[in-house]
């Protein structure tokens, strides 16, 4: 994907994978808006890449509609929206549930992706199409017993992307997801020593995988990213249909 002169939005862009992607896109000639609740971090990265800092909480339903519009207006177009912001579960999720913390987790990991896609689609449509890329996780493809709530949110993202990608493909709007394994970012900083010799992905390795998705990813795909392996779309096993071979409708008219 040729990014020279393109308009790009990256959420969670103040650090970690988001910052690496913002730098990568800017180096390729894109105009990049960095959205993050860490205002100082967003400004630091934006200043470094001559981009646009937009400090905000992405779990607020007003953030993504407002800031995709601002970015498109500032850049004169919008071509790529990377919904990268995320957080861990911070609790077992199986007992003594902290409801407020759980709602905050869902707000960032799930709601923000839905808000981001819904905000991006009409803007991308206006400029002839584009790509929305959500950062999920291997926890969206397999269970992670150490963090069931995080697993729940990332499974939700993968399911949403698979369906939305198919629904929007005919409009030239590509929706995909990346599903990295454990990445050496601030998200796991407090647990870093527990990994021992277990290989961790670097931020640049995830950015390389994003390059691959942008180059050849297809709508609705969820790409796994693992150390030492080429990133690739995950092959979901088909679900057996009803006896008789009938198929459900591929579209539904919600206006009725």
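The values are calculated or read from the model by the stated rules, or taken from the named source; none is laboratory data. No experiment lies behind these values; they were computed from the predicted model shown. Here the Cβ positions follow ideal geometry from the backbone for every residue, glycine too, while neighbour counts run over all protein chains shown.
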Any idea which of 61, 122 is modelled with pLDDT of 95 or more and in contact with a helix residue (DSSP H, G or I) (Cβ under 6 Å, 6 or more places away or on another chain)?
61
Of the conditions (1) in a loop (DSSP other than H, G, I, E, B); (2) surrounded by fewer than 17 Cβ atoms within 10 Å (Cβ to Cβ); (3) touching a helix residue (DSSP H, G or I) at 6+ places or on another chain (Cβ under 8 Å), residue 86 clears all except one; give me its number.
(2)
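Answer yes if at least one residue in segment 48-59 is without any contact (Cβ under 8 Å) to a residue 12 or more places away in the chain, assigned to a helix (DSSP H, G or I) and either over 18 Å from the mean Cα position of the chain (by Cα) or more than 19 Å from residue 86 (Cα to Cα) (or both), and no otherwise.
Pass one, segment 48-59, residues without any contact (Cβ under 8 Å) to a residue 12 or more places away in the chain: none.
Scanning segment 48-59 turns up no residue that is without any contact (Cβ under 8 Å) to a residue 12 or more places away in the chain, assigned to a helix (DSSP H, G or I) and either over 18 Å from the mean Cα position of the chain (by Cα) or more than 19 Å from residue 86 (Cα to Cα) (or both).
For every residue, the table says whether it meets (1) farther than 25 Å from residue 111 by Cβ; (2) out of contact with any helix residue (DSSP H, G or I) (no Cβ under 7 Å at 6 or more places or on another chain); (3) part of a helix (DSSP H, G or I); (4) free of Cβ contacts under 8 Å to residues at least 12 places away in the same chain.
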{"site": "150", "(1), (2), (3), (4)": "no, no, yes, no"}
{"site": "155", "(1), (2), (3), (4)": "no, no, yes, no"}
{"site": "164", "(1), (2), (3), (4)": "no, no, yes, no"}
{"site": "177", "(1), (2), (3), (4)": "no, no, no, no"}
{"site": "205", "(1), (2), (3), (4)": "yes, yes, yes, no"}
{"site": "218", "(1), (2), (3), (4)": "yes, yes, no, no"}
Could you tell me whether any residue of segment 60-77 is under 19 Å from the mean Cα position of the chain (by Cα), within 21 Å of residue 165 (Cα to Cα) and in a loop (DSSP other than H, G, I, E, B)?
no
Residues within segment 197-229 that are surrounded by fewer than 19 Cβ atoms within 10 Å (Cβ to Cβ), within 19 Å of residue 142 (Cβ to Cβ) and under 21 Å from the mean Cα position of the chain (by Cα), tallied:
4
